[in-house]
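Comments concern the structure below.
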Amino acid sequence: MSNHASIPFHRRKSTIVAGAVGAAVAVGAGVTLSHGFAATTDAKAAPKAVLPTANATFDYQIGGAYNPAKGVTAVSRDRSAKPVKGLYNVCYINAFQVQPDALGWWQKHHPDLILRGKDKRPVIDEDWNEALLDTSTADKRTRLAAVIGPWVDGCATSGFQAVEPDNLDSYERSGGRLAKAHNAAFAKLLAGRAHAAGLAIGQKNTVDMLADRTKIGFDFAVAEECGEYNECGDYAKAYTNRVFVIEYGNGGFSTACSRFSTKLGIVQRDRDVAPSGSGGYTFRTC
């Protein structure tokens, strides 16, 4: 069991609202990592995804875009932001939960894709006030992909090289209503969509899913606080050092740097990942 199971990640509070989507295609129920995503009928070969390099100088800007510091070679930004020319750009997507200001849209258009408790109310990640999405059946996963898949395509159209779908570990906050296999199966759909668009896809946290990385199709990792919880080595080994590490506390940052400064892309950010110039802004690399 991951150390993160009972400790919240320090994800930002975003204000992105989902847009309109096309019709979903229903498929049979069941959980399988071999279930593919029928995303396109285009006969052209998909563009080849570009993987990040190991030990990149990384900046985590999902709380707001700003000019990267000198020497930064890779950056992660929200899907609503523009990539940085000349850098390796990772596109952040909240793929397994619903940001608070988007809940009304989901309730109106896809109420059954929100995970609900016995009282029929949405199951909420209380640390971030985000409703969990329901990945429990193949039908729901395919319909979710019809909403979130275009976000992935939009990242490619904007010029990003990769995508990081957040809250892969939402099953740990589902009160037993979701299983790891459900989220792994949905992650596989997103990986297929990303690769079809020419994007690499990063495993966001969830060290318990490292064993499934090849079946899912992950290409690299984005690991929050792996220094704090002694998990950086697991990600480094699994992804041949293609790992972006974000630490928030001084202790975790020091630990990560002391052990992996020449191998992984490590950055310390403030917990709100605020833009440069904002109060509380922190940015340090090893």
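With 10 Å bins beginning at zero, the pair-distance distribution over Cα atoms of the range 226-279 amounts to 26, 51, 19, 3 %. Scanning residues 5 or more positions from Q203 or on other chains, those with amide H under 5 Å from its amide H are D219, F220, A221, V222, with H placed 1.01 Å from N in the peptide plane. Estimated at 0.36 nm per residue, the fully extended path between K85 and T214 surpasses their Cα-Cα distance by 43.4 nm. Taking R0 as 35 Å, what's the FRET efficiency between T157 and R121 from their Cβ-Cβ distance, rounded to 0.05? According to the calculation, E is roughly 0.45.
Could I have the simple spin-label model distance between A45 and R259, label points 7 Å from Cα toward Cβ, reported in nm to one decimal? Inter-label distance under the simple model: 4.0 nm.
Taken over the range 110-217, the ratio of Cα radius of gyration to 2.2 N^0.38 Å equals 1.06. Here the Karplus curve 6.51 cos²θ - 1.76 cosθ + 1.60, taken at θ = phi - 60°, turns the phi angles of the range 246-261 into couplings of 10, 10, 10, x, 5, x, x, 5, 4, 5, 4, 5, 5, 9, 9, 4 Hz, with x standing for Gly and Pro. For the listed peptides 103-115, 73-85, a ranking on the average number of other beta carbons within 10 Å per residue, highest first, reads 73-85, 103-115. Using a simple spin-label model with pseudo-atoms 7 Å out from Cα toward Cβ, D112 and T282 lie 4.6 nm apart. Rolling a 1.4 Å probe over the protein heavy atoms gives the range 192-250 an accessible area of 31 Å² per residue. Rolling a 1.4 angstrom probe over the protein heavy atoms with all chains in place gives the range 100-149 an accessible area of 45 Å² per residue. Of the beta bridges in the range 207-286, as assigned by DSSP with both residues counted there, near 25 percent are antiparallel.
What do the square roots of 5 times the Cα gyration tensor eigenvalues come to for the range 77-172, in whole Å, largest first, as semi-axes of the equivalent ellipsoid? Write down the numbers at each step before the final one.
Details: eigenvalues 142, 37, 26 Å².
Ellipsoid semi-axes (Å, largest first): 27, 14, 11.
For the range 120-275, a crude dipole built from +1 on the beta carbon of Lys and Arg and -1 on the beta carbon of Asp and Glu, taken about the Cα centre, is about 600 debye to the nearest 20. Placing +1 on each Lys and Arg Cβ and -1 on each Asp and Glu Cβ, with no other charges, gives the range 158-206 a dipole about its Cα centre of roughly 160 debye. Peptides 140-149, 180-189, 62-71 ordered by packing proxy, namely the average of other Cβ atoms within 10 Å per residue, highest first: 180-189, 140-149, 62-71. Once you reduce the range 110-126 and the range 210-286 to the center of their Cα atoms, the two points are 31 Å from each other.
Looking only at Cα atoms, what is the convex hull volume of the range 135-285 per residue, in Å³? Present the calculation step by step, with values, prior to reporting the outcome.
Values: hull volume 19.6 nm³, N = 151.
Normalising the Cα hull of the range 135-285 by residue number yields 130 Å³.
Tell me, what are the semi-axes, in whole angstrom and largest first, of the equivalent ellipsoid of the range 188-272 as set by the roots of 5 times the Cα gyration tensor eigenvalues?
Working: eigenvalues 117, 32, 23 Å².
Square roots of five times the eigenvalues give 24, 13, 11 Å.
Of the accessible area of the range 177-278, computed with a 1.4 Å probe over protein heavy atoms only, carbon and sulfur atoms account for 42 percent.
The values are calculated or read from the model by the stated rules, or taken from the named source; none is laboratory data. Since we're looking at a predicted model, the values are computed, not measured. All Cβ positions, glycine included, derive from the backbone under ideal geometry; neighbour counts span all protein chains shown. Please note that ligands, DNA and RNA were not included when accessible areas were found on the heavy atoms of the full protein model with its side chains. Shrake-Rupley method; radii C 1.70, N 1.55, O 1.52, S 1.80 Å.
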